[in-house]
Structure formats: structure tokens, C-alpha cells
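A.B. asks: Below is a structure I'd like to ask you about.
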Amino acid sequence: MKIVNLISGPRNLSTALMYSFAQRDDFHVLDEPFYGYYLKNTETEIDHPATHEILRTMDLKEEIVVDSIQSLSGLKHVFVKGMAHHYINKRPDFILKWDNVILIRHPEKLLVSFSKVIDNPKLDDIGLKKASELFLFLKENGRIPIVIDSDELMIDPERYLKKLCNKLEVPFTSYMLSWKKEGIPEDGVWAPYWYTNVHNSEGFQKQSRLHSKLPKQLEPVLEKAMPYYNTLKKHILKND
């Protein structure tokens with residue numbers, strides 16, 4: 001069975017994609033299984049909501065997380081929703097066996113959204129630099145990932161999901177386009193802090209063209225993020 005590994009940053013519609021794959025009866029979905037490992041082994045200046053509960057309830061060793069993912073793939077395909085910066089190891093060889101998908105979003109939109117929960121995120125907190133590094137790591141090892149973009153997805157979610165499923169060599173199903181409100185059992189314990197929008201949705205919702213202005217203090221973060229975004233942008237799967 002396949003392990004589809006979604007490598008994302010926060011506020012990229014990654015949760016909506018997880019919900020989409022959760023509607024399939026041939027997939028298990030996992031919500032950021034490396035989060036506890038990341039928090040246990042990384043010094044971060046930001047206060048992650050639900051940190052204590054994450055550390056108390058999640059596996060904190062990389063090899064245990066990987067083994068649990070592999071064991072699930074014996075019965076069904078597995079969809080892993082993960083944050084790029086949760087991959088602390090510079091050479092996570094275990095993902096070379098998986099079908100990797102990198103989800104990106106223009107960093108200005110990402111930072112505006114992220115700053116509503118975390119006041120002053122740094123470049124390493126948004127995952128874009130790490131996503132670029134993981135892209136190069138996978139490419140160097142002959143495992144070029146699929147790169148998708150949240151704005152491209154929202155042009156026409158059905159068409160884009162069909163293209164993604166075709167790339168992954170799994171059949172598309174219309175069940176992927178909608179879900180019930182209020183969340184899914186696989187939600188991480190951090191869901192109450194981050195998933196309000198998707199919990200109030202019943203499918204992929206058009207994003208408002210009006211968006212908040214980027215806080216002044218985050219302009220240097222945006223400047224640092226843009227080269228990594230532009231590197232990945234060249235490889236985006238287009239929705240046409």
C-alpha cells in the first residue's frame with residue numbers, strides 16, 4: 001500500500017486536504033505524527049498551543065513514529081499530513097520510500113494567517129525553507145516530489161484533486177470534495193486552536209480576496225522566505 005506524505009507549512013490548507021483524504025475508505029489519515037518528536041527535540045521561541053498535551057500523548061521518537069506509519073500501510077493506504085519543519089533530520093531516508101507531496105502557499109498569505117495564532121513567527125516556524133531543502137534531498141535521491149499550491153487547488157478543487165490522484169496513481173472519488181462540520185476523529189489535540197475554519201466548513205471554500213495586511217515586523221521574514229518559495233514555485237502542478 002502507498003504512504004502519501006504531505007509536506008506542508010502551517011496555514012496552507014493542509015488540514016482541508018487531510019479531511020479530503022479522510023473521506024476515502026481506502027486511506028488512513030494521520031495528523032502531524034512527528035509533532036511531539038519535533039517539540040521534544042527542538043528549541044523554539046514560540047509558544048505552541050497544547051504543547052504539554054502533545055508531549056504527553058504522542059510518540060516522541062522518530063523511529064517509533066515511522067514504524068507506526070509503516071505498520072498502518074499494511075492494510076490501507078496512508079495519508080500523512082505533516083509540517084516540513086517537523087523533519088529535524090537533514091536526511092530523513094525513510095521518506096524516500098513514500099510518495100511525497102509538497103504543499104506551498106505564497107508566504108505573505110501564510111504569514112498573515114499564521115500571525116493570527118502565533119504573534120512573531122520566524123522563518124523556521126513556517127516550514128518553507130525546510131520544504132525547499134526536502135525537495136532538493138528528494139530530487140538528489142531520484143524521488144522528485146509533487147509540488148502543489150493552495151491557490152491552484154482553490155481554482156477548481158475537483159479538477160486539481162483529479163490531477164493529484166492521477167499523479168499518485170490512486171483513483172479519484174467525489175467523496176473527497178466534502179465532509180461534515182465539526183472535525184474528524186483523527187484531528188490532533190491542537191485542533192481547537194488551529195482548525196476553526198475547517199471545522200466550520202463542509203468542503204473546500206473559496207478564499208476571500210480581501211486579506212489582512214502583513215504585520216510590519218514580519219516583513220523581514222517574508223523577504224527571507226521568498227527565495228525558497230520561488231525555488232519551489234517553478235515545480236507547481238498547475239490547475240489547468
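A.B. asks: For residues that are in contact with a strand residue (DSSP E or B) (Cβ under 6 Å, 6 or more places away or on another chain) and within 21 Å of Arg11 (Cβ to Cβ), tally how many sit in the range 153-176.
C.D. replies: Summing the residues that are in contact with a strand residue (DSSP E or B) (Cβ under 6 Å, 6 or more places away or on another chain) and within 21 Å of Arg11 (Cβ to Cβ) in the range 153-176 gives 0.
A.B. asks: Sticking with this one: From the set of residues in the range 147-162 that are under 15 Å from Leu6 (Cα atoms) and touching a Phe, Trp or Tyr at 6+ places or on another chain (Cβ under 8 Å), which is surrounded by the most Cβ atoms within 10 Å (Cβ to Cβ)?
C.D. replies: Checking each candidate, the answer is Ile148.
A.B. asks: From Ile3, Ile7, Ile54, grab the single residue that is touching a helix residue (DSSP H, G or I) at 6+ places or on another chain (Cβ under 7 Å) and buried (at least 23 other Cβ atoms within 10 Å of the Cβ).
C.D. replies: Ile7
A.B. asks: Go through the residues of the range 64-75 one by one and say whether even a single one is within 23 Å of Tyr195 (Cβ to Cβ), touching a strand residue (DSSP E or B) at 6+ places or on another chain (Cβ under 7 Å), crowded, with 22+ Cβ neighbours inside 10 Å and among the aliphatic types (A, V, I, L, M).
C.D. replies: Scanning the range 64-75, I find no residue that is within 23 Å of Tyr195 (Cβ to Cβ), touching a strand residue (DSSP E or B) at 6+ places or on another chain (Cβ under 7 Å), crowded, with 22+ Cβ neighbours inside 10 Å and among the aliphatic types (A, V, I, L, M), so the answer is no.
A.B. asks: Something else about it: For the range 1-106, which helices (runs of 4 or more DSSP H) that fit wholly inside it have 1 or more residues that are among the hydrophobic types (A, V, I, L, M, F, W, C), free of Cβ contacts under 8 Å to residues at least 40 places away in the same chain and farther than 20 Å from Glu169 by Cβ?
C.D. replies: Where helices (runs of 4 or more DSSP H) fall fully within the range 1-106 and carry at least 1 residues being among the hydrophobic types (A, V, I, L, M, F, W, C), free of Cβ contacts under 8 Å to residues at least 40 places away in the same chain and farther than 20 Å from Glu169 by Cβ, they are 35-41, 51-57, 62-72.
A.B. asks: When you go through Lys109, Lys139 one by one, which is the residue that is touching a residue at least 12 places away in the same chain (Cβ under 8 Å) and part of a helix (DSSP H, G or I)?
C.D. replies: Step by step, each of Lys109, Lys139 is checked, and only Lys109 is touching a residue at least 12 places away in the same chain (Cβ under 8 Å) and part of a helix (DSSP H, G or I).
A.B. asks: Also, I was wondering about something else. If a residue has to be part of a helix (DSSP H, G or I) and either in contact (Cβ under 8 Å) with a residue 12 or more places away in the chain or surrounded by 15 or more Cβ atoms within 10 Å (Cβ to Cβ) (or both) to count, how many in the range 163-191 make the cut?
C.D. replies: Filtering the range 163-191 for residues part of a helix (DSSP H, G or I) gives 163-168, 174-177, 191.
So of that shortlist, the ones also either in contact (Cβ under 8 Å) with a residue 12 or more places away in the chain or surrounded by 15 or more Cβ atoms within 10 Å (Cβ to Cβ) (or both) come out as 163-165, 167-168, 174-177, 191.
Qualifying residue count, the range 163-191: 10.
A.B. asks: If you go through the range 142-162 one residue at a time, how many are out of contact with any Gly (no Cβ under 9 Å at 6 or more places or on another chain) and in a helix (DSSP H, G or I)? Talk me through it step by step, then tell me what you get.
C.D. replies: Just the residues of the range 142-162 that are out of contact with any Gly (no Cβ under 9 Å at 6 or more places or on another chain), to begin with: 142-156, 158-162.
Checking the rest, the ones that are also in a helix (DSSP H, G or I) come to 150-155, 158-162.
The total comes to 11.
A.B. asks: Before we move on, is Gly9 within 24 Å of Leu96 (Cα to Cα) and modelled with pLDDT under 95?
C.D. replies: When the stated conditions are applied, Gly9 passes them.
A.B. asks: Among the listed residues Leu111, Leu17, identify the single one that is within 24 Å of Lys234 (Cα to Cα) and modelled with pLDDT of 95 or more.
C.D. replies: None of the others qualify; the one that does is Leu17.
A.B. asks: OK, next. Can you name the residue in the range 124-136 that is under 16 Å from the mean Cα position of the chain (by Cα), outside any loop (DSSP other than H, G, I, E, B) and among the hydrophobic types (A, V, I, L, M, F, W, C) and is also nearest to Lys216 (Cα to Cα) among such residues?
C.D. replies: Leu128
A.B. asks: Right, something else. For the range 211-236, name all the residues that are out of contact with any helix residue (DSSP H, G or I) (no Cβ under 7 Å at 6 or more places or on another chain) and either in contact (Cβ under 8 Å) with a residue 12 or more places away in the chain or within 24 Å of Ile146 (Cα to Cα) (or both).
C.D. replies: Lys213, Pro215, Gln217, Pro227, Asn230, Lys233, Lys234, His235 - these are the residues of the range 211-236 that are out of contact with any helix residue (DSSP H, G or I) (no Cβ under 7 Å at 6 or more places or on another chain) and either in contact (Cβ under 8 Å) with a residue 12 or more places away in the chain or within 24 Å of Ile146 (Cα to Cα) (or both).
The values are calculated or read from the model by the stated rules, or taken from the named source; none is laboratory data. These numbers were taken from a predicted model, which means no experiment stands behind them. Quick reminder, even Gly has a Cβ in these numbers, built from the backbone with ideal geometry, and neighbours come from all protein chains shown.
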